[in-house]
Amino acid sequence: MNNQIKHPKGDRILLQINNILLAIIVLLIIVPLLYVFLSSLLEPNALIRKGFNLSGSDWSLEGYKRILTDGTIVKGFLNSIIYSAGFTIVTVTVSILAGYTLSVDGLVGKKAFMVFFLITMFFGGGLIPTYFVIKDLGMLNTIWAIIIPGAVNVWFIILARTYFKAIPNELKEAAKIDGASDFRIFVSIILPLCKPIIFVLALYAFIGQWNAYFDAMIYLDDRDLYPLQLVLRSILIQNEVQPGMVADIQARNELMRIAEMIRYSSIVIASLPLLIMYPFFQKYFEKGVMVGSLK
């Protein structure tokens, strides 16, 4: 017995078109990633002379060896881990607490708080006033200059609030009848139910902070505090060697070879945490984004 659903001809054509478009999009994503990864394993001179090839004689791990022995890149990687983890913890905590509070029925001034938050989404003080605020607070050239300024994300709060409003009030009312306090209800009932939105917000926050470099470029002067993305930016800019920088042609060629080698390897290293995280978060991703939109 054939249990397959038979779609009308028009739907079948539309499905085929969607499959083709999806395959093209996947290729557009996979091919550059694969190219960068394989290029990081190729000897730069061979890559320049022959282009991309799979000849085993041209493979080299020198780029990764140089990265692992370079204190600047390793320190930048560790700094990015600290900044991203700290930013994620603070942002998710603030978003969950604010979102739950704004979802509670009968909260006095709830609409005024929402209007206040929404205004900050569209209007900001600008870079110079923000810089002076951070300077006056003594956060320049510290980890807090990276973590604190963007900790309150209004979009995250709205997502959390919408998710909490989708949780049936009957659960909270039953707990109150049993004598549970609001804090007990939040910790014992609400938090276990909001794992999807917590993981989604954590993924958004971690990726956003991991890829950020502008705030670090503005607020950090100590190179020992640079995140990985700012270190990579310096490497990519310094890859363009000026003729006057080195007098010896051979030394100049070697410098360009090393820079090319490190560039691809650094991109792979910078992408690893995100590629490792996503499979563990993926099962919560769709549920966390979509459930909060249901009424």
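Tabulated results
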item: Net length gained if the chain between F280 and L171 were fully extended (0.36 nm per residue, minus Cα distance); result: 36.4 nm
item: Protein-only accessible surface order, largest first, of Y83, Y278 at 1.4 Å; result: Y278, Y83
item: Rough spin-label spacing in nm, given labels placed 7 Å along Cα→Cβ, for V26 and K195; result: 2.8 nm
item: Distant-in-sequence amide H partners of L42 (H built 1.01 Å from N, under 5 Å); result: S60
item: For the range 61-210: relative contact order, % (alpha-carbon pairs under 8 angstrom, 6 or more apart); result: 42 percent
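The values are calculated or read from the model by the stated rules, or taken from the named source; none is laboratory data. All values reported here derive from a predicted model rather than from experimental measurement. In this analysis, Cβ positions are derived from the backbone assuming ideal geometry, glycine residues included, and neighbour counts consider all displayed protein chains. Heavy atoms of the whole protein, side chains included, go into the accessibility calculation; ligands, DNA and RNA do not. Shrake-Rupley method; radii C 1.70, N 1.55, O 1.52, S 1.80 Å.
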